[in-house]
Amino acid sequence: MDGLSKTGVLRFLDRGSMMKIKTLLLISLLFAGNSFAGDTSLTMPDINAVLKQAEGKASVLKLPKNQHEKAAQEAAKALTDKFQSPEYQAKIRQEQQRLQRDVFKDVLAQVKANEPRDKSNINSKQNTIYLFISSSVPISTLSSYAAMIDHASAAQIVMVLRGFVSGMKKVKPTMDFIGEILKKDKSCDIAQKKCATYQANIQIDPTLFQKFAIERVPTLVFQKNKQSEPMLIQGDASLDYLLERINREVKEKELDNLIAALHGGINSGGKDVE
């Protein structure tokens, strides 16, 4: 059966389905017995008798116990423990650092080319604010986020992707996606020439998605310190609006300054962010 045991197949059937199958099998066997005996002219009373006999036998049949259930549970627990172990998480962090160093070196160099121009209106003791995104969010929305971060010199806001676009085997789609977010002129072809880009930090970090249990994007997360409860807000809205909603609860001076900087970024040059 292509590597599947009978027990393995039976585990995928519910109790009601199994009762029907057992009854049908017994009916088939009983009819086959009658046929071999030479009786081929069964009447309705005969059929009813066979059905009653089959149902009686089916009610006492027992399914074999799943011998692999405990082993499967133990294997799942072992896999979860391994993934959450400090050693494995350290390997994930090392891989993230390798990707940033070797794979996204050129993209990150562009992002970090210019230091924030003016931090005077932002608290020097900045907490990181995570903006969780994905390729399912419209590029126009993501570019607006990057533009606001750039205009406000809001280096503490980090845009976070769960993983690579189109999987880890293909790096170029992810680099193209990040390039589309960061480039100011959408008609500029990054593959052909150097394009002017917004200065915004974009990271790939699945562990952050797991840490904050992020299931929908975009989601903005602010956590004052490791001991405090993180504040999360979801929705396709401007950064200043999302931060204002969070700051209604946390009432942080740092966020007051950041929101003011974002407002200034929006009105910079008399134009709204694209």
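Numerical summary
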{"read-out": "Residue satisfying condition, being part of a helix (DSSP H, G or I), within 30 Å of Gln203 (Cα to Cα) and modelled with pLDDT of 75 or more, within set Ala72, Ala76", "value": "Ala76"}
{"read-out": "Among (1) touching a Gly at 6+ places or on another chain (Cβ under 8 Å); (2) part of a loop (DSSP other than H, G, I, E, B); (3) not acidic (Asp, Glu), the one test that Leu242 misses", "value": "(2)"}
{"read-out": "Residue in segment 160-182 that is touching a residue at least 60 places away in the same chain (Cβ under 8 Å), within 23 Å of Ala90 (Cα to Cα) and surrounded by 14 or more Cβ atoms within 10 Å (Cβ to Cβ) present", "value": "yes"}
{"read-out": "Criterion: among the basic types (Lys, Arg), over 21 Å from the mean Cα position of the chain (by Cα) and surrounded by 10 or more Cβ atoms within 10 Å (Cβ to Cβ) - qualifying residue of Arg93, Arg98", "value": "Arg98"}
{"read-out": "Boolean, Asp256 is acidic (Asp, Glu) and either surrounded by fewer than 19 Cβ atoms within 10 Å (Cβ to Cβ) or within 25 Å of the chain's Cα centre (by Cα) (or both)", "value": "yes"}
{"read-out": "Qualifying residue in segment 162-172 (condition: touching a helix residue (DSSP H, G or I) at 6+ places or on another chain (Cβ under 9 Å), on the phi < 0 side of the Ramachandran plot and among the hydroxyl-bearing types (Ser, Thr, Tyr))", "value": "no"}
{"read-out": "Meets criteria (surrounded by 14 or more Cβ atoms within 10 Å (Cβ to Cβ) and not acidic (Asp, Glu)) for Gln227", "value": "no"}
{"read-out": "Whichever residue in segment 195-247 is touching a residue at least 40 places away in the same chain (Cβ under 8 Å) and charged (D, E, K, R) and, among such residues, is nearest to Lys172 (Cα to Cα)", "value": "Asp205"}
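Each row is one residue, and each column tells you yes or no for (1) among the polar types (S, T, N, Q); (2) within 25 Å of Ile181 (Cβ to Cβ); (3) modelled with pLDDT of 90 or more.
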residue	(1), (2), (3)
Phe222	no, yes, yes
Gly235	no, yes, no
Leu239	no, yes, yes
Glu244	no, yes, yes
Arg248	no, no, yes
Leu255	no, yes, yes
Ile266	no, yes, no
Glu274	no, yes, no
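The values are calculated or read from the model by the stated rules, or taken from the named source; none is laboratory data. Given the structure is predicted, the values throughout are model-derived calculations rather than measurements. Methodologically, a virtual Cβ is constructed for each residue, glycine included, from the backbone with ideal geometry; neighbour enumeration extends over all protein chains shown.
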